[in-house]
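Colleague: Just dropping this structure here.
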Amino acid sequence: MIVDIITLFPKLFDGFKTETLIKRAQQKGLLTLNVYHLRTWARSKHQQVDDTPFGGGPGMVLKPEPLFLALHDLTGGYQQRPLVTYFTPSGELLNQRLLKELSSIEHHIFICGRYKGVDQRVLDTWVDRQISIGDYVLSGGELPALVTLEGMTRLIPSVINDIESAHTDSFEDDLLEGPLYTRPEEYEGQKVPEVLSSGHHAKIADWCKEKALEKTRKYRPDLWQDYIKKNKQK
Ligand code: ADE
């Protein structure tokens, strides 16, 4: 997978590029991550990349020219056009289903917005998807891009050692993941539920499912309602 990131803050990606999962994916040749400074494509005298919005109002808007030039450069020379994603709180909500879909695409360009947003002509001409990571407003698209990158990368086959673990994650079966325990069997008077050391796989699976259902009902009534609806139809 190739991911090209366009940002005004490339240094924000430094730690992430050289640690843990993203590093491993790059070392294994499964991910190529390129981080580009938007100002590289600024042509005005002061390398300005933003301007005030037409029609007035507070905040600045990213100008079309640097982004058009960047996108021309980064999409040129490929037979298949990369998927261009813009991160914005007004995009579609990111979830595990969308991450799976994205992880099957070979070449991505991520545009990280700053200030108020980007000129609409960039969205109309270049952007295939607009993604939000939640109903709250951050100062830019860099953290959302990293969240999406991490979520996508761990779904590339052989990036994480234990792919089984990815398949038992929360949301894999539309439920939150239940409680987990490790050694010691008793800690400060609290014991690990007996069933987990019984060795009885079917009973353990039933217990885990029951706990996942309890947790989902308590913390995510929206997911719980969807689950009930889906399973009623079955
Ligand atoms: N940019 C600012 N806030 C955002 C959010 N919640 N999701 C995606 N991009 C953003």
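Colleague: Counting only GluC sites (Glu not before Pro) that are in a DSSP loop and have at most 14 other C-beta atoms within 10 Å, tell me the longest site-free stretch of the chain.
Modeller: Longest run free of exposed loop sites: 20-105.
Colleague: So, one more: Have a look at Thr85, Thr125, Thr216 and tell me which one the Gaussian network model of the chain (Cα, springs below 10 Å) gives the largest fluctuation.
Modeller: Thr125
Colleague: Between Leu102, Leu196, Leu123, where does the largest GNM mean-square fluctuation fall for the chain, given springs only between Cα atoms within less than 10 Å?
Modeller: With Cα springs under 10 Å in the chain, the top fluctuation among Leu102, Leu196, Leu123 is at Leu196.
Colleague: State, in angstrom, two size descriptors of the range 2-153 derived from its alpha carbons: Rg to one decimal place and Dmax to the nearest whole number.
Modeller: 15.1, 50
Colleague: Taking 35 Å as R0, compute the FRET efficiency from the Cβ-Cβ separation of His200 and Asn161 and round it to 0.05.
Modeller: The calculated FRET efficiency here is 0.85.
Colleague: Near Lys218, which aspartates and glutamates are there with a Cα under 13 Å away, not counting those fewer than 8 places off in the same chain?
Modeller: Partners found: Glu177, Glu210.
Colleague: Also, I was wondering about something else. Which residue fluctuates most in the GNM of the chain (Cα springs below 10 Å): Val49, Val137, Val35?
Modeller: Checking each option, the largest mean-square fluctuation is seen for Val137.
Colleague: Moving to a separate point now. Past 24 Å, Cα to Cα, is the threshold; run Lys100/Lys203; Lys209/Lys232; Lys45/Lys116; Lys191/Lys211 against it and keep the listed order.
Modeller: Going by Cα-Cα distance, Lys100/Lys203 fall outside the 24 Å limit.
Colleague: For the range 36-140, run through the trypsin sites (Lys or Arg not before Pro) and keep only the ones in DSSP coil with at most 11 other Cβ atoms within 10 Å of their Cβ.
Modeller: Arg43, Lys45
Where a number appears in this text, it was derived from the coordinates with a stated rule and is not lab data. Predicted model only: the values in this text are computed from it and were never measured. Backbone-built Cβ (ideal geometry, glycine too); neighbour counts: all protein chains shown.
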